[in-house]
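Structure first, then comments.
The values are calculated or read from the model by the stated rules, or taken from the named source; none is laboratory data. Quick caveat: nothing in here was measured; it's all calculated off a predicted structure. When we count neighbours, we look across all protein chains shown, and the Cβ atoms used for this are built from the backbone with ideal geometry, even at glycine. What goes into the accessible areas is simple: the full protein's heavy atoms, side chains included, and nothing from ligands, DNA or RNA. Shrake-Rupley method; radii C 1.70, N 1.55, O 1.52, S 1.80 Å.
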Amino acid sequence: MRLSSKTTTLLALAALIALAPLFFPSSYYFRVGSLIFVNGLAVTGLVVLTGYAGQISLGHAGFVGIGAYACALAPVHLGLNPIAAAVVGAALSGGIAWLVGRPILRLKGYYLAVASLGFGALVSMVLANEAQVTGGPDGMTVPDPGLRALLKSAGLDLSNSAFWYAFSGIVLVIGAWLALNLYHSPTGRALRALHGSEVAARTVGVDVAGFKLRAFVISAFYASLSGSLLALQNKFITPDVAGYMHSIELVTMTVLGGAGSVLGAICGAMILTTLPQVLTVFQEYEQVMLGLVMMLVMIFMRDGLLPSLSRKIRGRGK
Amino acid sequence: MPELMQFLLSGVTVGAVYALVALGFTIIYNASDVVNFAQGEFVMLGGMFTVFAFEAGLPLPLAALLAIIATAAIGVALNKLAIEPARGAPVVSLIIITIGASILIRGLTQIAFDKQLHRFPAFSGDAPIQIVGATMLPQSLWVIAGALAIFVGLWLFFTRTLTGRAVLATANNRIAAQLVGINTKYVMTLSFALSAAIGALAGVLVTPITLTGYDIGIALALKGFAAAMLGGMGNPKGALVGGLLLGVIEALTAGYLSSQYKDAAAFVIILAVLFAMPQGLFGRQSTDRV
């Protein structure tokens, strides 16, 4: 039996997440792992927006910020459980993406880049400046959703970092599964068609504006949930998550790994999340290395790391 | 009234710097269709090189000249090593390459120099001048005059010299320019050198007022990029108007509304302008060829 590429991708991802802890010497690795999954989730959303639909966003950290602060604020002001707050945050992000996306997505290329950048900058400014609500640059604490205690009472006692590793890993696999399904759905085909040529897509009856907006809203959901996950596991949040640099990091992860493929983008998230951890030894050179990696991969492997490598390997096989 | 005058003056000073950064974006964009996010780093390098050459004992004008030449060389290197090999790559990849370059330059600066803020003395003293009840540093006049001189000089260059017209021709249609014998590779190199030199000069002019440090480039690049888009990408006039407008809006917001939200005002205006005019204030109406 031959497995579809979707199934193989998902199986590979799930196996990797499940087996990696066997080689973890300390709980610190669980922590890095769950960070990778958190970034991987946001990046999967960007695959839909950038990889499928070909649209750029330099402001997605804005949605990450909304998701993160929803988990901190909704429990205090609305009395919601933090998990429910994450859902509310995602809905809010989706709503805002829908409102903002309508005018923004009419723009193309660099104009779209600067408009989305402006949106992200506005969100992070509000989070940093409205100190009486958000705690300002000092950040604020996020309540525990009580899931781990629930598991414990059911007889499964995980350490804090192991629990969040497993939880974000499961969320990531579900997110990747949905994104891969989308690829082969009519919506996915429409998105890829308008990526290829908007005019051609319009000629065959694709509602270009509507589908772009759909991709933008979907990617906002992903970014928002990633922010919520980050807030929940850190139990603390600062406006930095919504900052320009975080937006850039997310886009870089996506394109570095390969914007066209979910697995590639998650690889990108893995590389750029672990790189600073590995490089703490050479703290002085961290920025130099990061900049070099970004430039070299983009110059020599235009489609991103994973697609370029797999093409090379396949080419040799023939 | 003196209050308004004060805000306008400080807005124009900052706006002149934004305009120069936006002009740098414009020149490179015209020659190569690349938006160079390392543009802010050129401003930073201009300031930093001058500081260290000056502290090493060189007279200030010589230090500034050396800094501008060194930065232009770095601009050329960026073009040869990163932009030319990536010719034809999609917009996202080019954005990441130049952002990567900006991170790399920032990292190298921090290793080669340090993480402190620096300044060198203002060109003609620090005694404030009174203008219609508002006070102004003499250095601000240098910034504004410098920006004007560059814009006039470039206008002459682009309209009166053969090389300048070759650059314009390349911006207009690369293939047609090649067909009439213009060396477009040389034009690109020249554009990067020019743009880096303008950035460095802006850095030299503004450092006595705003100080310089390895990480001042990001904010400048964002503002300059926004100013260039506001005016309409690829249009030098747009860069000038966009930069000044952005500086004045920021100063007025900081003065009358809230200094915390001065950056927000700029982005709100940009979003508003782009919604109404998707090509910016002076941008060309583009039509897609199918």
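Structural remarks
- Think of a 1.4 Å ball rolled over the protein heavy atoms: chain B then has 41 Å² of accessible area per residue.
- Rounded accessible area per residue of region A:30-243, 1.4 Å, Å²: 37 Å²
- Accessible area of A:Cys267 in the full protein assembly, 1.4 Å probe (Å², nearest 10): 40 Å²
- The apolar share of the surface of the protein assembly as shown, taken as the fraction of accessible area on carbon and sulfur atoms (1.4 Å probe, ligands and nucleic acids excluded), comes to 68 percent.
- Helix-only [θ]222 nm of chain A, DSSP H runs n ≥ 4, -39500 (n - 2.57) each, per residue, nearest 500: -24500 deg cm²/dmol
- Heavy-atom SASA rank of A:Ser124, B:Ser259, B:Ser10 (probe 1.4 Å, accessible area, largest first): B:Ser259, B:Ser10, A:Ser124
- Calculated FRET efficiency for the pair A:Leu11/B:Glu3, C-beta based, R₀ 51 Å, to 0.05: 0.15
- 11 Å cut-off, amide nitrogen to a point 7 angstrom out along B:Ala176 Cα→Cβ, residues in region B:136-169: B:169
- In this simple spin-label model, placing a label point 7 Å from the Cα along the Cα-to-Cβ direction at both A:Val199 and A:Asp144 gives a separation of 6.1 nm.
- Between chain A and chain B, the total buried accessible area stands at approximately 4100 Å², from heavy atoms with a 1.4 Å probe.
- Ordered by 1.4 Å accessible area with all protein chains kept, A:His195, A:His77, B:His118 run largest first as A:His77, A:His195, B:His118.
- Net dipole in debye of the protein assembly as shown [+1 Lys, Arg Cβ; -1 Asp, Glu Cβ; about Cα centre; nearest 20]: 2220 debye
- With the cut-off at under 19 Å, measuring from each backbone N in region B:127-151 to a point 7 Å along the Cα-to-Cβ line of B:Arg119 picks out B:127-130, B:135-146.
- Using the alpha carbons alone, the radius of gyration of region B:1-151 stands to its Kirkwood radius in an Rg to Rh ratio of 1.03.
- Equivalent ellipsoid, chain A (semi-axes from 5 times Cα gyration tensor eigenvalues, Å): 29, 25, 20
- Orientation-averaged projection of the protein assembly as shown equals 31.4 nm² [convex hull of Cα atoms, one quarter of hull surface area].
- Quick note on region A:172-318: its Rg to Rh ratio, both from C-alpha atoms and Rh being the Kirkwood radius, is 1.01.
- More than 16 Å apart - percent of Cα-Cα pairs taken over region A:115-194: 74 percent
- Contact-buried residues of region A:56-83, at a threshold of 30 Å² lost accessible area versus the chain by itself: A:Ile56, A:Leu58 (1.4 Å probe; DNA, RNA and ligands ignored).
- C-alpha center-to-center spacing [region A:1-50, region B:158-219] in angstrom: 44 Å
- Against the empirical curve 2.2 N^0.38 Å, the C-alpha radius of gyration of region B:2-276 lands at a ratio of 0.99.
- Cβ-placed point charges (K, R +1; D, E -1), dipole of chain A about Cα centre in debye, nearest 20: 1380 debye
- Placing A:Leu41, B:Leu81, B:Leu4 in order of accessible area, with the largest value first and a 1.4 Å probe, yields B:Leu81, B:Leu4, A:Leu41.
- Cα-projected label distance for A:Arg106 with A:Ser153, points at 7 Å along beta-carbon direction, nm: 5.4 nm
- When only the Cβ of Lys, Arg, Asp and Glu is charged (+1, +1, -1, -1), the dipole of chain B relative to its Cα centre reaches about 760 debye.
- Using a probe of 1.4 Å, the accessible surface attributed to A:Trp98 totals some 120 Å² when neighbouring protein chains are kept in position.
- Helical content of chain B, expressed as a calculated mean residue ellipticity at 222 nm, amounts to -24000 deg cm²/dmol (DSSP H runs of 4 or more residues, -39,500 (n - 2.57) each, divided by residue number, nearest 500).
- GNM top mover of B:Phe42, B:Phe157, B:Phe267 - chain B, alpha-carbon springs below 10 Å: B:Phe157
- Where labels lie 7 Å past Cα in the beta-carbon direction, separation of A:Phe300 and B:Ala77 in nm: 1.9 nm
- Exercise: per-residue mean of other protein chain Cβ atoms within 10 Å, A:178-191: 0
- 1.4 Å probe, heavy atoms, protein only - residues of region A:252-273 losing at least 10 Å² accessible area vs chain alone: A:Thr252, A:Val255
- The heavy atoms of A:Thr280 present about 80 square angstrom of accessible area, all protein chains included, probe 1.4 Å.
- Comparing the full protein assembly with the isolated chain (1.4 Å probe, heavy atoms, ligands and nucleic acids excluded), the residues of region B:242-275 losing at least 40 square angstrom of accessible area are B:Gln260, B:Tyr261, B:Phe267, B:Leu271, B:Leu274, B:Phe275.
- The three principal axes of the Cα atoms in region B:103-167 give end-to-end lengths of 45, 42, 17 Å, sorted in falling order.
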